[in-house]
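Participant: First, the structure itself, so that you have it in front of you.
The values are calculated or read from the model by the stated rules, or taken from the named source; none is laboratory data. Treat the numbers as computed from the prediction; the structure is a model and nothing was measured. Cβ: placed from backbone, ideal geometry, glycine included. Neighbour counts: every protein chain shown. Quick note on the areas: whole protein, heavy atoms, side chains included, nothing else; ligands and nucleic acids left out. Shrake-Rupley method; radii C 1.70, N 1.55, O 1.52, S 1.80 Å.
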Amino acid sequence: MVEPLVVLIVACEIGFWVVLGAGLLARYVLRMRRLGAVLLACTPLVDVVLLVATVFDLRAGGEASSVHGLAAIYLGVSVAFGHSMMRWADQRVAHRFAGGPPPVKPPKHGLAKVRHEWREWGKFAVAWAIACSVMLLLMYVVGTPERTQALWGQMGSMTLVGVIWLVGWPVYHTVTELAKGRFGEKAADEAGGRASDSR
């Protein structure tokens, strides 16, 4: 039997995209910018609903499980990456329906690529910190350490993902770009541009 909290997590993910889609539809297709702004501003309420439901579930006597840990991780990821996902969708809908510029694509090489990879991993680090904070809140709500031990098992998995991401992307691209000497080329280009501007 599927636990109600799992169903709620899935419903919150679907709800996020439904509210986001409705906001973009109202803004760019229906030309109702005020309604679109209100709907987009409501997307964080989905996270609030999940947090409140998780707290109530534990306060009602439920024992903390991996599902509660998953809810904390979902909240962290949603908060850290939510704005980026909204911007990603907004650029594409604006380009398709409102004559906006083409969506911005991630840089493929050079210092800009390295900065992009570190910035994205930084969002993950924020998500990790938020997830830990939510779990500490849940532990405080429960008040019984032995009922919350299962929460930290999920954080071990999330930490492992973060280490793999760190090594496989930010660190890898930093080392690769340094080896190719593209940082130096970038600095030279910037210096050359400044010299041209000064003439």
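Participant: Filter the range 19-37 for residues that are open to solvent by 20 Å² or more (accessible area, probe 1.4 Å) and within 15 Å of HIS83 (Cα to Cα) and give the result.
Facilitator: VAL19, GLY21, ALA37 - these are the residues of the range 19-37 that are open to solvent by 20 Å² or more (accessible area, probe 1.4 Å) and within 15 Å of HIS83 (Cα to Cα).
Participant: Any idea which of (1) closer than 30 Å to MET139 by Cβ; (2) open to solvent by 80 Å² or more (accessible area, probe 1.4 Å); (3) not aromatic (Phe, Trp, Tyr) is the one SER65 doesn't satisfy?
Facilitator: Condition not satisfied by SER65: (2).
Participant: Only one of ALA11, ALA22 is assigned to a helix (DSSP H, G or I), under 30 Å from THR148 (Cα atoms) and not charged (D, E, K, R); which? Spell out how you get there, then give the answer.
Facilitator: Values: ALA22 fails: under 30 Å from THR148 (Cα atoms).
Of the residues listed, the single one that is assigned to a helix (DSSP H, G or I), under 30 Å from THR148 (Cα atoms) and not charged (D, E, K, R) is ALA11.
Participant: Select from the range 1-31 the residues that are touching an Asp or Glu at 6+ places or on another chain (Cβ under 8 Å) and closer than 11 Å to LEU50 by Cα and write down the one among them that is modelled with the highest pLDDT.
Facilitator: Checking each candidate, the answer is CYS12.
Participant: Do the conditions hold for ALA191, that is, is it in a helix (DSSP H, G or I), over 26 Å from the mean Cα position of the chain (by Cα), at pLDDT 85 or above and not charged (D, E, K, R)? Before the answer, list the steps.
Facilitator: On the way: in a helix (DSSP H, G or I): yes; over 26 Å from the mean Cα position of the chain (by Cα): yes; at pLDDT 85 or above: no; not charged (D, E, K, R): yes.
Here the answer is no, as ALA191 does not meet what is asked.
Participant: Let me ask something else. For the range 80-89, does any single residue satisfy the condition of being open to solvent by 50 Å² or more (accessible area, probe 1.4 Å) and closer than 21 Å to LEU5 by Cα? Write out each step before concluding.
Facilitator: Residues of the range 80-89 that are open to solvent by 50 Å² or more (accessible area, probe 1.4 Å), as a first pass: 83, 85, 87-88.
Then drop every residue that is not closer than 21 Å to LEU5 by Cα, which leaves none.
Within the range 80-89 (the criterion being open to solvent by 50 Å² or more (accessible area, probe 1.4 Å) and closer than 21 Å to LEU5 by Cα), the answer is no, since none of the residues qualifies.
Participant: Taking only pairs six or more apart or across chains, which ones have beta-carbon atoms under 6 Å, a first residue in the range 46-69 that is within 16 Å of VAL2 (Cα to Cα), and a second residue that is modelled with pLDDT under 90 and acidic (Asp, Glu)?
Facilitator: VAL67/GLU3
Participant: At least 3 residues that are at pLDDT 90 or above and closer than 26 Å to ALA22 by Cα in each: list the helices (runs of 4 or more DSSP H) lying fully within the range 41-160 that qualify.
Facilitator: Values: elements: 43-59, 66-97, 110-142.
The helices (runs of 4 or more DSSP H) meeting that bar are 43-59, 66-97.
Participant: Mind checking which pairs have a first residue in the range 162-180 that is more than 17 Å from ALA125 (Cα to Cα) and a second that is charged (D, E, K, R), Cβ under 8 Å, 6 or more apart or different chains?
Facilitator: Between residues of the range 162-180 that are more than 17 Å from ALA125 (Cα to Cα) and residues that are charged (D, E, K, R), the close pairs are HIS173/LYS113; HIS173/GLU117; THR174/GLU117; GLU177/LYS113.
Participant: How about the range 121-157: which of its residues are open to solvent by 40 Å² or more (accessible area, probe 1.4 Å) and within 18 Å of TRP88 (Cα to Cα)?
Facilitator: Residue satisfying the conditions is TRP121 alone.
Participant: Just name the residue that is least open to solvent (accessible area, probe 1.4 Å) out of those in the range 100-120 that are more than 21 Å from LEU160 (Cα to Cα) and hydrophobic (A, V, I, L, M, F, W, C).
Facilitator: Looking at residues that are more than 21 Å from LEU160 (Cα to Cα) and hydrophobic (A, V, I, L, M, F, W, C), I get VAL114.
Participant: For a quick check of your reading of the model, give me the residue pairs whose first member lies in the range 10-38 and is among the β-branched types (Val, Ile, Thr), whose second is surrounded by fewer than 18 Cβ atoms within 10 Å (Cβ to Cβ), with beta-carbon atoms closer than 6 Å and at least 6 apart or on different chains.
Facilitator: If the second residue must be surrounded by fewer than 18 Cβ atoms within 10 Å (Cβ to Cβ), the pairs left are VAL19/CYS42; VAL29/PHE97.
Participant: Same structure, new question: Just one of the numbered conditions (1) surrounded by 12 or more Cβ atoms within 10 Å (Cβ to Cβ); (2) farther than 27 Å from GLY143 by Cα is not true of VAL46; which one?
Facilitator: Going through (1) surrounded by 12 or more Cβ atoms within 10 Å (Cβ to Cβ); (2) farther than 27 Å from GLY143 by Cα one by one, VAL46 breaks only (2).
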